[in-house]
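Working notes, beginning with the structure itself.
The values are calculated or read from the model by the stated rules, or taken from the named source; none is laboratory data. Here the structure is a predicted model, which means the values were calculated and not measured. Positions of Cβ are generated from backbone atoms using ideal geometry, with glycine treated the same way; all protein chains shown enter the neighbour counts. Note: areas computed on protein heavy atoms with side chains; ligands, DNA, RNA excluded. Shrake-Rupley method; radii C 1.70, N 1.55, O 1.52, S 1.80 Å.
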Amino acid sequence: MPKAGIIYNDLKPIASRVAIELEEKLTAAGWDVCVTSSIGGILGYANPDSPICHTPIDGLTPPGFDSDMKFAVVLGGDGTVLAASRQVAPLGIPLLTVNTGHMGFLTEAYLNQLPQALEQAMVGEYEIEERAMLTVKVLRGESVLWEALCLNEMVLHREPLTCMCHFEIAIGRHAPVDIAADGIIVSTPTGSTAYSLSAGGPVVTPGISALQLVPICPHSLASRALVFPDTETVNIYPVNIPRLVMVVDGNGGCYVFSEDRVYLERSQYSVRFIRLQPPEFFRILREKLGWGLPHIAKPTSVELP
């Protein structure tokens with residue numbers, strides 16, 4: 001009996017309803033189905049009284065999910081996709097992402113396309129696009145205090161008020177640099193269209209094996225976004241602030257103290273997205289972000305010379 005999964009955002013009534021209908025349809029077709037909420041992929045939120053909420057990377061796997069699953073359907077927006085990625089990336093399960101949210105930059109299909117998309121997934125008529133992830137760790141000495149998988153970005157900044165922070169950053173074996181900024185973003189190519197883009201970083205196409213370091217509001221004209229190979233590791237040391245907060249994929253994280261360091265490297269795991277058509281990143285940029293649209297609107301009611 002083939003096996004499939006469903007991961008849905010249980011805070012969205014439409015996603016909850018579609019999850020039930022989808023489970024019934026797959027079961028009637030002879031599939032073994034496991035259903036879970038994307039809440040299981042949400043990282044713990046730290047607070048001053050509990051500065052480290054640590055769930056090991058392999059501790060996010062939903063019950064019943066295993067590497068024998070042919071695919072899993074994700075019902076939600078981009079946040080749901082990010083959570084589901086953390087839940088199943090270690091298992092290598094392909095994800096069919098269906099948008100029930102707003103922008104849905106990471107999703108493959110809309111709800112009205114779900115019947116056809118499901119048929120293609122059931123018979124294996126699709127391509128797999130792999131997206132690189134980061135392993136993010138907070139270490140004190142050599143002890144791992146906290147770790148997480150990251151698909152978009154890691155952000156390190158002061159809380160609750162913005163103020164100038166100094167970071168000593170070492171990329172690979174290169175000489176450490178000192179950056180003064182409101183915060184630091186380390187982003188994957190997938191995350192280059194998220195917070196990194198808003199902070200002035202470049203768009204990096206998903207097929208590039210690279211990471212980028214983006215200072216947030218840097219106190220120097222020379223401190224610009226840096227793109228470097230994802231074979232390099234990154235170590236970040238807070239210099240002048242006794243406590244910083246780290247956020248991964250905009251969803252959770254932990255506090256980082258002056259005696260800690262943040263360590264990042266490309267993860268051994270990748271997210272495997274089902275693509276019903278050959279991946280076309282520029283089309284998504286155009287549809288979702290308006291990239292490459294004509295800068296002057298051309299009237300359609302008159303004949304231009």
- prompt: Based on what the data block shows, is ALA180 surrounded by fewer than 19 Cβ atoms within 10 Å (Cβ to Cβ) and assigned to a strand (DSSP E or B)?
  reply: yes
message: Cβ-Cβ distance below 6 Å, separation of 6 or more or different chains: which pairs start in segment 161-173 with a residue that is more than 9 Å from PRO238 (Cα to Cα) and end on one that is among the charged types (D, E, K, R)?
response: THR162/ASP182; ILE171/GLU232; GLY172/GLU232
message: Condition (residue is open to solvent by 60 Å² or more (accessible area, probe 1.4 Å) and closer than 24 Å to ARG243 by Cβ) applied to segment 198-213: is it met by at least one residue?
response: no
field: Among residues of segment 112-155, those that are open to solvent by 50 Å² or more (accessible area, probe 1.4 Å), polar (S, T, N, Q) and under 15 Å from LEU82 (Cα atoms), counted
entry: 0
- prompt: For segment 230-277, how many residues meet the condition of being touching a Ser or Thr at 6+ places or on another chain (Cβ under 9 Å), hydroxyl-bearing (Ser, Thr, Tyr) and under 25 Å from GLY207 (Cα atoms)?
  reply: 4
- prompt: Quick check, is GLY64 within 22 Å of GLU21 (Cα to Cα) and surrounded by fewer than 16 Cβ atoms within 10 Å (Cβ to Cβ)?
  reply: yes
- prompt: Looking only at segment 75-93, which residues are over 15 Å from the mean Cα position of the chain (by Cα) and either open to solvent by 10 Å² or more (accessible area, probe 1.4 Å) or without any contact (Cβ under 8 Å) to a residue 12 or more places away in the chain (or both)?
  reply: LEU91, GLY92
- prompt: Condition test on PHE228, is it farther than 22 Å from LEU82 by Cβ and surrounded by fewer than 22 Cβ atoms within 10 Å (Cβ to Cβ)?
  reply: yes
query: Is segment 5-16 home to any residue that is surrounded by fewer than 22 Cβ atoms within 10 Å (Cβ to Cβ), of a type in the set (Lys, Arg) and not in a loop (DSSP other than H, G, I, E, B)?
result: no
message: I'd like the full set of residues that are open to solvent by 60 Å² or more (accessible area, probe 1.4 Å), closer than 30 Å to GLU108 by Cβ and of a type in the set (Ser, Thr, Tyr), limited to segment 253-279.
response: TYR269
field: Verdict on ALA109 being outside the structural domain of ARG243 (by the TED database), open to solvent by less than 20 Å² (accessible area, probe 1.4 Å) and more than 17 Å from the chain's Cα centre (by Cα)
entry: yes
- prompt: Out of (1) closer than 20 Å to THR162 by Cβ; (2) outside the structural domain of VAL177 (by the TED database), what's the single condition that is false for PHE282?
  reply: (1)
